[in-house]
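Here, each number is a calculation from the coordinates, and none is a lab measurement. A quick note: this is a predicted structure, and the numbers were derived from the prediction, not measured. Backbone-built Cβ (ideal geometry, glycine too); neighbour counts: all protein chains shown.
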Amino acid sequence: MTITYKDAQGIAGMRIAGKLAAEVLDYLQPFIVPGATTNEIDRLAHVYMTEVQGCIAAPLNYTGGGNKPYPKSICTSINHQVCHGIPNDKPLKRGDILNVDITVIKDGWHGDTSRMFLVGEASIAAKRLCAITYEAMWHGIKMVKPGAHLGDIGFAIQQFAEGQGFSVVREFCGHGIGQGFHEEPQVLHYGRPGTLEKLVEGMTFTIEPMINAGRKEIKEGPEKDGWTIVTKDHSLSAQWEHTVLVTPTGYEVLTLSAGGPAIPAFAAAKT
Ligand code: MF3
Ligand code: CO
Ligand code: CO
């Protein structure tokens, strides 16, 4: 597959899909409490996406990467789980940190976004990891403009995250997105400035750094479900994800909504 450049109609479709994906996270927030199960959250999300929003849940039965079909409508990754955790019947505990990753399809266009949620009161260390990972994502987003390189995004994220004493997962990356869930290019969350693909107006892709409190290495989870990924050293891992559009002058984040966290000051000062 090659990079797709969105025209006005594609951009309009991506704006709608992006906002709807973010609004699923807004809707789920009050349900993410101690005692709730990720299966309950999956069900709520599925019904909201399909019945209220008129969307398709992109993860359900997704086989990307030659994997076996993904069995649920959302991904829920807890604590040392890095990504692609499958919802189950285990109750969330106070102090857990949970990534919920939502991808909707609306009128053929994909919107992909994830956030970290603190279950009840989390530790200082867990809160710091979630906050730094959120900032790391925005350091990457801030680099987006025509003529910049993908390597600029990866470098900004890596510099910041490692500067805070954390590590960047290498095996999973952001991705082009549009009428396909995972399109080219790959958007690495580490790298060197001025390297890799040049950004062009009309590109849409995700930035979704996975940041570990300990070492960067990952492995398949003990569930052996073909999807769940965990940190090798069992340290906590966090991830945030936005879908962005390259505009003539910079970027537009397509997965913003009323209930999301504030944009960091260093990124909000966009002209
Ligand atoms: N939403 C994930 C991403 O950000 C992909 C999940 S694939 C699934 O790319 F099948 F696990 F849902
Ligand atoms: Co994604
Ligand atoms: Co996602």
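Here the stretch 8-268 is assigned +1 on the Cβ of each Lys and Arg and -1 on the Cβ of each Asp and Glu. Its dipole about the Cα centre then comes out at about 420 debye. How large is log10 of I(q)/I(0) for the stretch 193-271 at q = 0.22 Å⁻¹ when the intensity is taken from the Debye formula with one equal scatterer per alpha-carbon? Once normalised to I(0) and log-transformed, intensities are -1.09. For Lys93, the lysines whose Cα comes closer than 17 Å to its Cα, not counting residues fewer than 8 places off in the same chain, are Lys127. The Kirkwood hydrodynamic radius of the stretch 8-268, based on inverse pair distances between different Cα atoms, is 18.1 Å. Look at the dipole of the chain built from charges on Cβ: of Ile263, Gly108, Leu60, the Cα furthest out on the positive end belongs to Ile263. Per-peptide packing, taken as the mean over residues of other Cβ atoms within 10 Å, places 141-151, 218-228 in the sequence 141-151, 218-228 from highest down. In terms of packing, defined here as the mean over residues of other Cβ atoms within 10 angstrom, the peptides 131-139, 254-262, 35-43, 204-212 line up highest first as 204-212, 131-139, 35-43, 254-262. All C-alpha to C-alpha distances of the stretch 1-91, sorted into 10 Å bins beginning at zero, yield P(r) values of 14, 40, 34, 10, 1 percent in whole numbers.
A cut-off under 11 angstrom between Cβ atoms defines the neighbours of Thr231, and their net charge, with Lys, Arg +1 and Asp, Glu -1, is +2.
The Cβ shell under 12 Å around Val168 holds other residues with a net charge of -1, Lys and Arg each +1, Asp and Glu each -1. Kirkwood hydrodynamic radius of the stretch 87-212, from the reciprocal of the average inverse Cα-Cα distance over all distinct pairs: 15.6 Å.
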